[in-house]
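The values are calculated or read from the model by the stated rules, or taken from the named source; none is laboratory data. Every value quoted in this text rests on a predicted model; they were computed, and no experiment measured them. Reconstructed Cβ throughout: ideal geometry from the backbone, glycine too, with neighbour counts over all protein chains shown. In case anyone asks, the SASA skips ligands and DNA or RNA and just uses the protein heavy atoms, side chains included. Shrake-Rupley method; radii C 1.70, N 1.55, O 1.52, S 1.80 Å.
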Amino acid sequence: MNLYIDYGGTNFRYSFDEGELFSIKSDSVELVDFLETEIEFQKDIRKIFISFAGQVKDGKILSAPNIKIKNLDLGQYFYDNYGVEVILKNDISCAAIYEHSRYKDAEIMALFYIGTGFGSAFVVDGKVLGGKDSIAGEIGHIPFKKKSFSCGCGRDDCLELSVSGKVFKDGTFNDASENVKKEFLEGLAFAFHTVLNLFDPDVFVLGGGVVKNNPSLLDFLKEEYKSSSFKTIRSELKISISDIDDANIEGLKILSKD
Ligand SMILES: [Zn+2]
C-alpha cells in the first residue's frame, strides 16, 4: 500500500491508500522515526509520498526545522534499508497538481496559498514550474516592506512578512488592526498584479487557511482584476477558492497514479 503524508508547518496529516486522514501536530513528529515505525508496523508499505512545507530538491529536504537529520537523502535511506520508495514534493506543487486536475484545459494556472506562509505555484501547459533550485513561485519572498525582524529565507523585507497568517499572531484577519489589514491587502494586491503581468493566467486558485477563513479576499481580488493593467484587453479570469482542504494529499494521490 501507499502512505501519503502532508507535512505542514502546523499539522502533520497522513493516510494509507484511500483510508482515513489522521492528523497530529508537526512539532511532535520526527519524520525518520515516524516512517520507520510505520514501515515496521504496516508490513506492506511499498511507496511513501510526502508533501512538504519547505524546499525539496531531488528527493532531499533542503530546509526543515523539525527534522533532526539534515540533508538526509530520505529516498536513498529508505530504499537501501527497507526497500521502500519515498517520493518528496513541495506542498504547493502538490496542491497545484490537484488544482490543475480540476481545470485540465487551463493554459496557465496560478495558485496563491496563504496559510502560515504565502506560497504560490504556476502550472504552464500542464507542468508545474520548478526552476533550477526548485524555488520558482516563492512569491512570499519577493521584496516588499522592510521589517525589524528576519524572514526564514534570510531577508527582512519579504511579502510573507506582511501577507500571511503570521501577521495575525494567534488571531484572524478580522480581529487584526486596521494597519495590519491595510498592509496585508496592499501586499496581496501587489502580488496579484505582479502575477497578472508576468503570466496572464486564465485560471487563478486561492487556498490556505487564511483564505478559507476570509472568503472576502476572493471578492477583493475580483475587484482588483477590474482595475488591472490592459483592462480593455483582458478577458474574464476564472478565479476561485480551492474546493477542498487536503489538496496536497489529493495531489500526491494523482502523482502516485502517473
Ligand atoms: Zn523571505
Give me the dipole magnitude in Debye, nearest 20, for the range 45-176 about the Cα centre, with unit charges on the beta carbon: positive for Lys and Arg, negative for Asp and Glu. 260
Exactly which chymotrypsin sites (Phe, Trp or Tyr not before Pro) in the range 76-122 are in a DSSP loop and have at most 12 other Cβ atoms within 10 Å? none
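List the trypsin sites (Lys or Arg not before Pro) within the range 185-248 that DSSP assigns to loop and that have no more than 12 neighbouring Cβ atoms inside 10 Å.
LYS231
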Out of residues 5 or more away from ILE87 or on other chains, whose amide H comes under 5 Å of its own, with H placed 1.01 Å from N in the peptide plane? ILE48, PHE49, ILE50
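Quick one: pull the percent of accessible area on the range 104-243 belonging to carbon and sulfur, 1.4 Å probe, ligands and nucleic acids left out.
On the way: 3960 of 7370 Å².
Taking all protein chains in place, the range 104-243 shows 54 percent carbon and sulfur surface.
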Along the chain, longest interval not containing exposed GluC sites (Glu not before Pro), exposed being DSSP loop plus at most 10 other Cβ atoms within 10 Å: 21-235
Determine how large the accessible area of MET109 is when every protein chain is in place; take a 1.4 Å probe and give Å² rounded to the nearest 10. 0
Taking the Cβ of ASN248 as the centre, find all other residues whose Cβ is under 15 Å away and add up their charges (Lys, Arg: +1; Asp, Glu: -1). -2
So, in Å, what gap is there between the alpha-carbon centers of the range 176-191 and the range 90-148? 20
Under the span-like rule (Cα at least 20 Å along the axis, Kyte-Doolittle mean at least -0.5), DSSP H helices of the chain: 178-199
